[in-house]
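The values are calculated or read from the model by the stated rules, or taken from the named source; none is laboratory data. In this text the structure is predicted, and so the values were computed from the model without any measurement. Counting neighbours? That spans all protein chains shown, and the Cβs are built from the backbone with ideal geometry, glycine included. Note: accessible area is taken over every heavy atom of the protein model, side chains too, but ligands, DNA and RNA are not part of it. Shrake-Rupley method; radii C 1.70, N 1.55, O 1.52, S 1.80 Å.
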Amino acid sequence: MAKFRYFESLEELSNSALQAVQLSCKSKGCTKKEKEELSSIRLSADKCVCELEDALFADFLPPLERDSIAACAHCLSRVIDRAADLASSIVYIPTNSHYDEEPKICIRLCETLHADIALLKKIRKPSEMPSHRAFRALLAKGRNAHTKALAKISSGVLPRSTANSIILCAKLRSELARSYDELLEIMLNNI
C-alpha cells in the first residue's frame, strides 16, 4: 500500500478553505451559484477528510502525530462550515457598505494559513518556521474591526440586519485562529 499523502491532503483542505472564505467574504448576498459552489467545496473537503481519517487508521507510522493531523483537518473543515454559514446569512449588503474590513481580514488570515500549510512539508529546522506574529497581528486587527462594526450597528450606521453576518464573520475568524493554532502545534511537535 502506498503511503498516504498527508501534507498534500492538508494543502487540499486549506485550498478548499481559502476558496470558501474568499467566496463568502466577498459575497454581497449569496446567490444560487455561490451556494452551489460552496456545497461543492464542502463535499470535496468532506471526501478529503474521510480519506485522511481512513489513512490515519490504516498507517502504522504517519509522518506527523495522528491527533495533530486530524485536529488540523477538522479545523479546516470547520472553517469551510463557518464560511458557508456566513455566506448563507448575508442579506444584501450595498457595495458602499461600511462593513468590509473584517471580511477582508478573514481572507488575509486564510491566505496566510494556506501559505503556511504549504510550507509544512518543507520545514526541517526551527529557523525555517514562518512567523506567527503577522498572523496574530491580523487577528488583533480583526477583533478591532469586529468591535467597530458592532458599534456601527448601535449607532445606526449599519442596518441591524447585518448583525448576524458580523457575528458569523467573527466565528469564522475564530475558527481560522484555531486552525492556525493546530498548524503551529504540528510544527512545534515535529521539528
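With 20 Å as the limit on Cα-Cα distance, the pairs of 28/141; 121/171; 28/171; 33/141 that go past it are 28/141; 121/171; 33/141.
Equivalent-ellipsoid semi-axes for the chain (Cα gyration tensor, √(5λ), whole Å, largest first): 32, 19, 11. Between the Cα long axis of helix 163-190 and the first principal axis of the chain there is an angle of about 20°, rounded to the nearest 10. To the nearest 0.05, how large is the calculated FRET efficiency for residue 43 and residue 160 if R₀ is 35 Å and r is the Cβ-Cβ distance? So the FRET efficiency works out to roughly 0.55.
Distance from the C-alpha centroid of the range 11-65 to that of the range 133-168: 26 Å, rounded to the whole angstrom. Once the Cα atoms are used to define both axes, helix 101-119 deviates from the longest principal axis of the chain by about 10 degrees. Enter the angle in degrees (range 0 to 90, nearest 10) between the Cα long axis of helix 133-155 and the first principal axis of the Cα atoms of the chain, meaning the one along which they spread out most. The angle comes out near 20 degrees. Placing unit charges on each Cβ (+1 for Lys and Arg, -1 for Asp and Glu) gives the range 117-191 a dipole about its Cα centre, and among 129, 168, 157 the Cα reaching farthest toward its positive end belongs to 157. Taking all protein chains into account, the per residue accessible area for the chain stands at 52 Å² (1.4 Å probe).
Overall, the accessible surface of the chain at a probe of 1.4 angstrom is composed of carbon and sulfur to the extent of 54 percent. A simple packing score, the average count of other Cβ atoms within 10 Å per residue, orders the peptides 34-46, 74-86, 118-130 as 74-86, 34-46, 118-130, with the highest score first.
Only aspartates and glutamates eight or more places from residue 152 in sequence, or on another chain, were considered; those with a Cα closer than 19 Å are 100, 101, 102.
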